[in-house]
Protein chains: 4
Amino acid sequence: MSTIKNIGVLTSGGDAPGMNAAIRAVVRASLYHNLKVTGILRGYEGLIQGDFFPMDGKSVANIIQRGGTILKTYRCDAFRTKEGRAQAYKNLKESEIDALVVIGGDGTFRGADIFSQEFDFPIVGLPGTIDNDLMGTDFAIGYDTAINNVVNAVDKIRDTAESHDRLFIVEVMGRDSGLIALRSGIGVGAEAILIPEAKVGLPQLFHRIETGRKDKASKIIIVAEGDEGGGAYVVGEALKEKFPKYDIRISVLGHIQRGGKPTCMDRVLASRLGVAAVEGLLEGKTDVMVGQINKEIVFTPFSQTTKHIDAEKITPAWLRLVEILSM
Amino acid sequence: MSTIKNIGVLTSGGDAPGMNAAIRAVVRASLYHNLKVTGILRGYEGLIQGDFFPMDGKSVANIIQRGGTILKTYRCDAFRTKEGRAQAYKNLKESEIDALVVIGGDGTFRGADIFSQEFDFPIVGLPGTIDNDLMGTDFAIGYDTAINNVVNAVDKIRDTAESHDRLFIVEVMGRDSGLIALRSGIGVGAEAILIPEAKVGLPQLFHRIETGRKDKASKIIIVAEGDEGGGAYVVGEALKEKFPKYDIRISVLGHIQRGGKPTCMDRVLASRLGVAAVEGLLEGKTDVMVGQINKEIVFTPFSQTTKHIDAEKITPAWLRLVEILSM
Amino acid sequence: MSTIKNIGVLTSGGDAPGMNAAIRAVVRASLYHNLKVTGILRGYEGLIQGDFFPMDGKSVANIIQRGGTILKTYRCDAFRTKEGRAQAYKNLKESEIDALVVIGGDGTFRGADIFSQEFDFPIVGLPGTIDNDLMGTDFAIGYDTAINNVVNAVDKIRDTAESHDRLFIVEVMGRDSGLIALRSGIGVGAEAILIPEAKVGLPQLFHRIETGRKDKASKIIIVAEGDEGGGAYVVGEALKEKFPKYDIRISVLGHIQRGGKPTCMDRVLASRLGVAAVEGLLEGKTDVMVGQINKEIVFTPFSQTTKHIDAEKITPAWLRLVEILSM
Amino acid sequence: MSTIKNIGVLTSGGDAPGMNAAIRAVVRASLYHNLKVTGILRGYEGLIQGDFFPMDGKSVANIIQRGGTILKTYRCDAFRTKEGRAQAYKNLKESEIDALVVIGGDGTFRGADIFSQEFDFPIVGLPGTIDNDLMGTDFAIGYDTAINNVVNAVDKIRDTAESHDRLFIVEVMGRDSGLIALRSGIGVGAEAILIPEAKVGLPQLFHRIETGRKDKASKIIIVAEGDEGGGAYVVGEALKEKFPKYDIRISVLGHIQRGGKPTCMDRVLASRLGVAAVEGLLEGKTDVMVGQINKEIVFTPFSQTTKHIDAEKITPAWLRLVEILSM
């Protein structure tokens, strides 16, 4: 391994609050260790296009509190081709960038895994995804902000639900994972949470509503995007048919979950992992994601970060907790 | 007119942030004038069911900051019938309630108008509707909170739009009026605002996008629910066809616009109008809505509050302002 | 008057949320009218130092939602001297700037008034001050955000006050004016509001507390910085002595009132006034502030904007409202 | 140990956001296990006064999102006396309450420890303190909300600091611990964080400022209440003397840190610990606090919760992180 003198940093995949805090930490840590640091725009697309620019302390001034990513992001197909990656490598060599920090989710890491091995190029990844669906870290950057965005939105919906004695079905993000639904559902005091992992079907939902407390003015049912019962509209239609006298409304929260100022936890997590990524590279780490497990910094090979995580993060104990609290 | 000793208060129609502040003001003003005050649950439905309860200072403690309405609300069909209203009148007489304050929107006032005349019963209305689509007041209670809810949500979407160089179409509330879209659209710095009143069709929208600044990373188009171009999805499909290389996303904000803590302006407006409603009743006012025009308290007959308001509130000057700002 | 081709824009005095929205509107309106627009950094200080830079649409992209001012601000003593102003004029001439938009408060306008007359230089001012203490506009840019900042902060304090049955004295900004205290005090449901204009002394405050409802768990007293009873600490000491068994706490809100994202109202106001300022200059207006009174755009000579405004904005009707609501 | 049939629940010490979520979970879990649950008002004071009331599902409806505590809290001296505790025990026996859940901080647990042993009375504690200064849990209920409150407040101050090129000294809570300062300081991107544990004196602070990047427009220094350098005012005076040309301001955040809606994390933590407390009692646990360490539920004897925690939670790695990031 050659000595690292210039670290490139990019964000890829869906944007997540806290990505800017991570970029800032990568830049500050690089400067602390007297390294150059190069910003790469629009993720792997910018890598292939050679959209690079030198970063210094001022480049990341006053961004820790901003949502989105100043480096922009992009879903890049060309990086899945051998030619695309070869061009990317060529650009890196020409710009004398000798290591990468990539901030993103599982798609990002799959690309990084291939590239890192193909060209023996040092890469450390940072988990940046509101879905939190990665092995190797308790929390991904952006998740805490996303669940707080959901909680704040549903608190508002609760006001209306209480005023009208309504049942609301609220669909939250999480295409393959119920993690956003689970935590935010507990946070808003949901009467039911439908997530793919729990296999709660409509019959159980009907049963829960029928046997639930009758003195409740409002009901909120949180549905994960990817729930097998179908999205909020499918659940809504079924409930309207089963309980025709209920006043039922549907709300799909959509993109508001993703943006906004990051929470303190996301800023701290991003800051810590950003520094650890740079120092990991300096210690020779590569082809790994840096995460935080039980308060400790942990490096996990990219190939192990993208396995199915439900069994680990959505335990029976959590599902039981939901049942007790939603009485 | 008999002397008023007991004022009933109810909220009706869609809930609006600030309704609780209005209830509080009605109660406090009644107590200040040594009147009894009676809470009526679920709007006209509670009037017909006789769902009444005495209120005192403690009934409205610590509610000024809460969204929704502690008196609950309901869309009541029975009050549109002569029998329903007769039952309501009977209940009021039996409970010795001799005047009403009704907080709601145009449907609420149409009912109040009929009832007030049918039984010669003193009623003063307070404008409580996020749509702000009432004559007789510059602002209805809830409107300022709603547009701030939109602005806060779209600020988050802007983060994502900027990160991905995307065009977002965001649908906001306002079935018959573009007032929420107009103000919140200016507030978020929208690249275009589609409202029924402006008759901006798709060709003009296409033109604006084609001739707009090319160096803009993101575009936000605000569409009022009731825009004649169709909702956000119709606009979205047309744009995707016309601009196939744009990355276009759609977000329907829905119920999050309605709830949440009222803004200071909505609390102050509700407080002021609530006191004015009680004092208006004591001065013999009836069959009127109390509003605020140019900082002054104004009473407007119910029958004149529900006319089409667009010409007055959405002037050419406002539409020109949008055009200048969205360059 | 020569034709205007290049407008300079600056912010001066204390920063106020919405200043960026105003800058954006000035820039956009200038471009709309095919004018050049020049940013001047740090207010009058930058005018004297010649800290100018050309602005275009991109200069103001994505700033409408940001607190503070991208042009920065400064309290400049040199502009009070003839030499300072002469240097400023020289810089403007050299840079071919032929009109100014100045965004700030009374100090800003006093300087602009002198400069405008001294050099026959076209200047239009925009009211940007959280204090709202200017004649010629119902609201200054920043005031609505500031009172919402106060309301959000005191809502939090109310949680603690209710939990502990405490009396809180909260000091808010407003050195010469009780306008922030008045509106925010109504907004938080304060039990008393002490403002210079109302001349409520400690004996009346004692009386109000002694005769107030006994079933209130918490009490919040809002004190304007400039209240003649002294700041929050003086009031606090007096109350502790008079009511030794009360659990009394003091909170001085300070600088958090000033910053943060502007509200929708402040963004819309700033946008509208910014456009009106540019178009006012083009119509030959000078030595005036542009404001909004009763929904209309109004131009007021600088010399008339800085008179004492209390009598107009804090009327007996408002003070009576406070008394009724705080029962 | 006799079978538990009726659980009393109280909150004590300073209020913390999430206490209501904890109360709700205790009530829901008790009902789930077919136990009675009794609310005790004002902490140990209510225990001595016999201020008890039966709780059911409705008692805790719609409180999960509220700051403060519906059971109120109090700093009670009488419970430190043998007589006080004897009276409390008598009241519990008379009301047939046979176990307690106490929610609070170290003072609360010291009282619970004595009482539990003195009368062989089953008590499980929940950590509810914004200071997070307890052994036996990674996070106490309220801490996450408090640091987010700080971050949101300081983000606003940053707007002003950037606009004026100012240095702000911001004092945050934490009488004996720098934990709030540490995390929120990282979260706001502070240029320096002064905490008791780090022993950074004024000379080091001067050095850091002198050697720091010169291109920074603003500086934020976070000072913990209990920092040995003295509070914000002492630090401010020293800095003003050392750097007379800096524009230095001071802000003491005070009580706004404590209140407000709890974050999602605090709600989830409180919900989980509340259920665990009830189930711990049913399993015979007593004289312990229930916490969460590395994602697992852990019971720690009261006597071990109140040791000095700095060495564990504020490690050299965290202090190094602060140094790297504040460059």
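Any read-out appearing in this document is the output of simple, stated calculations on the displayed coordinates, not a laboratory observation. Here the structure is a predicted model, which is why all the values come from computation and not from measurement. Neighbour counts run over all protein chains shown; Cβ positions are idealised from the backbone, glycine included.
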Exercise. Dividing the Cα radius of gyration by the Kirkwood radius, what Rg/Rh value follows for the range A:219-273?
Worked result: 1.20
Problem set entry | Base-10 log of normalised Debye intensity for the range B:144-258 (one unit scatterer per alpha-carbon) at q = 0.14 Å⁻¹ | -0.49
Exercise. How far is the Cα center of the range C:127-203 from the Cα center of the range C:253-285, in Å?
Worked result: 21 Å
Problem set entry | Shielding of B:262-274 by partner chains, average beta-carbon count, 10 Å | 6
Exercise. Pick from D:Lys245, D:Lys313, D:Lys219: which is most flexible by mean-square fluctuation in a GNM of chain D where alpha carbon atoms under 10 Å apart are linked?
Worked result: D:Lys245
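Mind checking A:62-72 for the average number of partner chain beta-carbons within 10 Å of each residue's beta-carbon?
Values: counts 11, 1, 9, 9, 5, 8, 10, 5, 2, 1, 5.
So the per-residue partner count for this stretch is 6.
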Exercise. Put +1 on the Cβ of each Lys and Arg and -1 on the Cβ of each Asp and Glu in chain B; which of B:Ser95, B:Gly39, B:Asn132 then has its Cα farthest toward the positive end of the dipole?
Worked result: B:Gly39
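Assuming R0 = 41 Å, can you tell me the calculated FRET efficiency for the pair D:Asp77 and D:Ala317, based on Cβ-Cβ distance, to the nearest 0.05?
Details: r = 41 Å, r/R0 = 0.99.
Once the sixth-power term is evaluated, E becomes 0.50.
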For this session: Give the chain B residue with the shortest beta-carbon distance to the rotation axis relating chain B to chain C, plus that distance as a whole number of Å.
Result: B:Asn294, 2
For this session: Find every distance from the label point of A:Asn6 to the corresponding label point in the other copies (7 Å from Cα along Cα→Cβ) and write them in nm, one decimal, shortest first.
Result: 3.8, 7.7, 8.5
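Explain nothing, just the number: dipole magnitude of the protein assembly as shown about its Cα centre with +1 on each Lys and Arg Cβ and -1 on each Asp and Glu Cβ, in debye rounded to the nearest 20. Working shown, then result.
Numbers: 156 positive and 164 negative charges, 0 e Å.
Once rounded to the nearest 20, the dipole reads 0 debye.
What shape does the range B:193-298 take by its C-alpha gyration tensor, where a ≥ b ≥ c are the square roots of the eigenvalues and a/c under 1.5 counts as rounded, a/b above b/c as prolate, and the rest as oblate? Provide the component values of the computation, followed by the final result.
Values: a/c = 3.19, a/b = 2.80, b/c = 1.14.
Note, shape of the range B:193-298 comes out prolate.
Rounded, prolate or oblate: which one fits the protein assembly as shown, using the alpha carbon gyration tensor with axes a ≥ b ≥ c (rounded when a/c is under 1.5, else prolate when a/b beats b/c, else oblate)? Please report the intermediate quantities before stating the final value.
On the way: a/c = 1.30, a/b = 1.04, b/c = 1.25.
It is rounded, given that a/c, with a ≥ b ≥ c, falls under 1.5.
With r as the distance between the Cβ atoms of B:Thr3 and D:Arg175 and R0 = 56 Å, compute the FRET efficiency 1/(1 + (r/R0)^6) and round to 0.05.
On the way: r = 59 Å, r/R0 = 1.05.
Between D:Arg175 and B:Thr3 the formula returns 0.45.
Which order do the peptides D:19-32, D:91-104 come out in when sorted by mean C-beta neighbours inside 10 angstrom, highest first? Please report the intermediate quantities before stating the final value.
Details: D:19-32: 27.4, D:91-104: 21.9.
The densest-packed peptide leads the list: D:19-32, D:91-104.
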Exercise. Could you state the principal axis extents of the C-alpha atoms in the range B:122-199, from the largest down, to the nearest angstrom?
Worked result: 57, 26, 16
Problem set entry | Where Rh is the Kirkwood radius over Cα pairs, Rg/Rh for chain D | 1.05
For this session: Calculate the dipole size of the range D:144-258 relative to its Cα centre from +1 charges on Lys and Arg beta carbons and -1 charges on Asp and Glu beta carbons; express the result in debye to the nearest 20.
Result: 240 debye
Seminar exercise, completed: Computed D for the range B:238-327, Stokes-Einstein, Kirkwood radius over alpha-carbon pairs, 4 °C, 1.567 mPa s, to the nearest µm² per second, is 74 µm²/s
Problem set entry | the protein assembly as shown - mean residue ellipticity at 222 nm from DSSP helices (-39,500 (n - 2.57) per run, n ≥ 4, rounded to 500) | -12500 deg cm²/dmol
Exercise. In nm, one decimal, shortest first: how far is the label point of C:Asp120 (7 Å from Cα along Cα to beta carbon) from the matching points in the other copies?
Worked result: 7.4, 7.8, 10.2
For this session: Count, for each residue of D:246-256, the Cβ atoms from other chains sitting within 10 Å of its Cβ, then give me the mean as a whole number.
Result: 5
Problem set entry | Label point 7 Å beyond Cα along the C-beta direction, distances from B:Asn34 to other copies (nm, shortest first) | 5.8, 7.3, 8.6
